[in-house]
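Just so you know, all these numbers are worked out from the coordinates, no wet-lab data involved. All values reported here derive from a predicted model rather than from experimental measurement. For neighbour counting, all protein chains shown are included, and Cβ atoms are generated from backbone atoms with ideal geometry for every residue, glycine included.
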Amino acid sequence: MKINGARMVIEAIRHEGVDVVFGYPGGAIMNVYDEIYKQNHFQHILTRHEQAAIHAADGYSRATGKVGVAIVTSGPGFTNAVTGLATAYMDSIPMVVISGQVPTSIIGTDGFQEIDAVGISRPCTKHNYLVQNIEELPRILKEAFYVARSGRPGPVHVDIPKDVTATMGDFDYEKEINMPTYKPTTKGNKRQIKKALEAIAQAKKPLIYVGGGAVLSNAFVDIREFAKKTNIPVVETLMARGVMGADNPLLMGMLGMHGEYSANMAMYETDLIISLGARFDDRVTGRLDQFAKSATIVHVDVDPASIGKIVVPHYPIVGDLKLVMEDLNEMVHDFEFNDYASWVSRLKEYQKEQPLRFVDSDEVIKPQWVVKRTGELLGYKAIVTTDVGQHQMWTAQFYPFDFARQFVTSGGLGTMGFGLPAAMGVARGKEDKVSINFTGDGSILMNIQELMTCVEYKLPVINIILNNNYLGMVRQWQTMFYDDRLAETDLSTQPDFVKLIEAFGGVGYRVSTKEQFDEALHKAVEAKKVAFIEVIVDRRENVLPMVPNGHALNEMHLLKD
Ligand SMILES: Cc1ncc(C[n+]2csc(CCOP(=O)(O)OP(=O)(O)O)c2C)c(N)n1
């Protein structure tokens, strides 16, 4: 039976088992929307901006592990989507973004709402396609989902001209994937794994360094098992929060620019790094020529291109982390490991000497307190998203993450405006959890229009606005490194956040005492509606520890008593 190209898009989404699509219509994508109108296989959520549609699909993917799908129109619809694509790309999030394009006969003529979408998306997608004719559409759709989720995951963009969505063709979706130039390695090389284990067994101060790949490959149970079996301490990147679980005795905390003292010192002193799905980002390594100077490095990654890109490992292992961990856990029994007890206790001493802490106050609410308190009250019952800034770092530091996929944040790109739409995707994908978004008074205004989407689709996102009347993170750098010259970071001119959310149809609470916060959080959870809890916090609080730019990991600014 022949169907049109637009219907093929619907059928592909249906075959992939996707139950929600986020998007925004327009001229070039109308044929697809006409088919969306007629179908009942999946829900379509109309966001109020294309950037938000991509972030929502992204948040949905990060929380559920499924491929996120978003649909936008050509020209301005697509260009609005670019920040979302780049955000997902930097964090390797599996996603398929479908855009409409002007008809093939008009391409290249500067037609109305024409833009070179694949030209623009190339540097911020894993792969992209401009569909030339109806015959290749089914294959491209199938490949798009496959490429998005296989190997190192990432966003894939499919640009479809309007005449292609109108043309009738055969839809044969079941056929095998045949991509001769794209064959991701999944199984790690056993001999190499064995050699790595030999080195690990002989190290004196080995350290497991876990990154976002651990979340993407669902390897967290295996990593916990490996650490426990070998008694090797673990540090997590921002993207790996939750992999070990906050109470795990082997977890030395998050490392990096705002990492915990114990974690950064562990990385500074280790003689063997076991990097699991991490990419040695500059926010993690600090000054590179001082990083892990004499450590042996084992680097496991599904993407061969990311191995050796920043530091050259002694034992590279290419493979899907979950499968490699299964091998490691099986082969570990053949080795006699050194006793790491004294190394672990040394790091525990560091934790005791310089715990992650803040100076609490009864006069004014400290932002760290808000995060900690939310964790005490909700813990594993919440999935937590953030925007970008100080509040993001405090959330990473102080929320007690129990499991992978509990923390949804823009790491690689650091995109303000990510939090609210991503939390919508979480709320839709994880209906049994509370969707909490920690945000700043700067970030929340960047996609504020999405409150309307939350109201329309009953997405009960609770936004906790840590209101410091500043673009806090930038203000912190100005204070510390620019002699307190606060160029364009004062946000004292503000909307009435409570009235604002009420105007959209949500609920809002303004809070300036601890008691009020507890009550507001309780009410917001009960309300099951999109909510603001605007917390008036200490304006001048800084995120510490901090490794200043260009410094080594052991050169942290710490909190002074
Ligand atoms: C889209 C975008 N523009 C600019 C920045 C640079 N930036 C990083 S943090 C920050 C300040 C964030 O302020 P706010 O949301 O109020 O959070 P706070 O740091 O006060 O917690 C800015 C401007 C960014 N990350 N993203």
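Which FRET efficiency, nearest 0.05, do PHE335 and ASP484 yield, Cβ-Cβ r, R0 45 Å?
0.25
Starting from 0.36 nm per residue, how many nanometres of slack lie between THR181 and TYR37 once their C-alpha separation is accounted for?
The span from THR181 to TYR37 would gain 48.1 nm if fully extended.
Give me the distance in nm between label points sitting 7 Å out from Cα along the Cα-to-Cβ direction at VAL455 and ILE310, one decimal.
4.3 nm
Suppose every K and R has +1 on its Cβ and every D and E has -1 on its Cβ; what is the size of the dipole of region 105-159 about the Cα centre, in Debye to the nearest 20?
480 debye
Could you give the dipole magnitude of the chain about its Cα centre, charging the beta-carbon of Lys and Arg +1 and that of Asp and Glu -1, in debye to the nearest 20?
Taking the Cα centre of the chain as origin, the dipole is about 720 debye.
Between SER342 and ASP172, what FRET efficiency comes out of the Förster formula 1/(1 + (r/R0)^6) with R0 = 51 Å and r the beta carbon distance, rounded to 0.05?
0.25
Is the shape of region 395-446 best called rounded, prolate or oblate, per the rule: a/c under 1.5 gives rounded, else a/b larger than b/c gives prolate, else oblate, with a ≥ b ≥ c the square roots of the Cα gyration tensor eigenvalues?
Since a/c reaches 1.5 but b/c is at least a/b, the shape of region 395-446 is classed as oblate.
Applying a 10 Å radius around every beta-carbon, put 502-515, 91-104 in order of their mean neighbour count, most first.
91-104, 502-515
Suppose we keep just the alpha-carbon trace of region 458-516; what are its Rg and Dmax in angstrom?
15.1, 46
To check you understand DSSP bridge types, tell me what percent of the beta bridges within the chain (both residues inside) are antiparallel, rounded to 5.
Antiparallel bridges make up about 5 percent of those DSSP assigns within the chain.
Classify the chain from the C-alpha gyration tensor, please: rounded if a/c falls under 1.5, else prolate or oblate depending on whether a/b exceeds b/c.
oblate
For a protection proxy built on the mean count of beta-carbon atoms within 10 angstrom, sort 486-498, 377-389, 67-79 highest first, please.
For the peptides 486-498, 377-389, 67-79, the packing ranking is 67-79, 377-389, 486-498.
Beyond a 18 Å Cα-Cα separation, which of these cross-linked pairs lie in this structure: LYS433/LYS499; LYS142/LYS430; LYS433/LYS528?
Cα-Cα > 18 Å for LYS433/LYS499; LYS142/LYS430; rest within.
Could you check the spin-label model distance between LEU559 and GLU515? Points 7 Å from the Cα along Cα→Cβ, value in nm.
Each label point lies 7 Å from its Cα, and together they span 2.5 nm.
I need the shape label for region 505-561. Rule: rounded when a/c is under 1.5, else prolate if a/b > b/c, else oblate, with a, b, c from the alpha carbon gyration tensor.
Prolate, since a/c reaches 1.5 and a/b exceeds b/c.
Could you let me know the centre-to-centre spacing of region 204-245 and region 530-556, using Cα atoms, in angstrom?
If you average the Cα positions of each part, the centres end up 24 Å apart.
Which value in deg cm²/dmol, rounded to the nearest 500, describes the helix-derived mean residue ellipticity at 222 nm for the chain, given -39,500 (n - 2.57) per DSSP H run of n ≥ 4 and division by the residue count?
-11000 deg cm²/dmol
Taking the alpha-carbon distance from LYS175 and a cut-off under 18 Å, which aspartates and glutamates remain once sequence neighbours fewer than 8 residues away in the same chain are dropped?
Hits, sequence-local ones excluded: GLU11, GLU16, GLU135, GLU136, GLU143.
When the dipole is taken about the Cα centre of region 330-477, and only Lys, Arg (+1) and Asp, Glu (-1) are charged at their Cβ, what size is it in debye, to the nearest 20?
Dipole magnitude for region 330-477 comes out near 360 debye.
Considering the options GLY212, GLN192, ILE273, tell which one lies farthest towards the positive end of the dipole of region 182-300, charges being +1 on Lys and Arg and -1 on Asp and Glu at the Cβ, about the Cα centre.
Comparing the listed Cα positions along the dipole, GLN192 ranks first.
Return the whole-Å distance between the Cα centroid of region 305-357 and the Cα centroid of region 38-74.
Centre-to-centre (Cα) distance: 36 Å.
For VAL102, what is the net charge nearby, where nearby means another residue's Cβ is under 15 Å from its Cβ and Lys, Arg count +1, Asp, Glu -1?
-4
So how do 179-190, 227-238 stack up, highest first, on mean other-Cβ count within 10 Å?
Highest to lowest by the protection proxy: 227-238, 179-190.
Determine, for region 315-429, the count of lysine pairs separated by eight or more sequence positions (or lying on different chains) whose alpha-carbon distance falls under 26 Å.
Eligible lysine pairs with Cα atoms under 26 Å apart amount to 6.
Taking the Cα centre of the chain as the origin and placing charges on Cβ (Lys, Arg +1; Asp, Glu -1), which of LEU466, ASN231, ILE140 is farthest toward the positive end of the dipole?
ASN231
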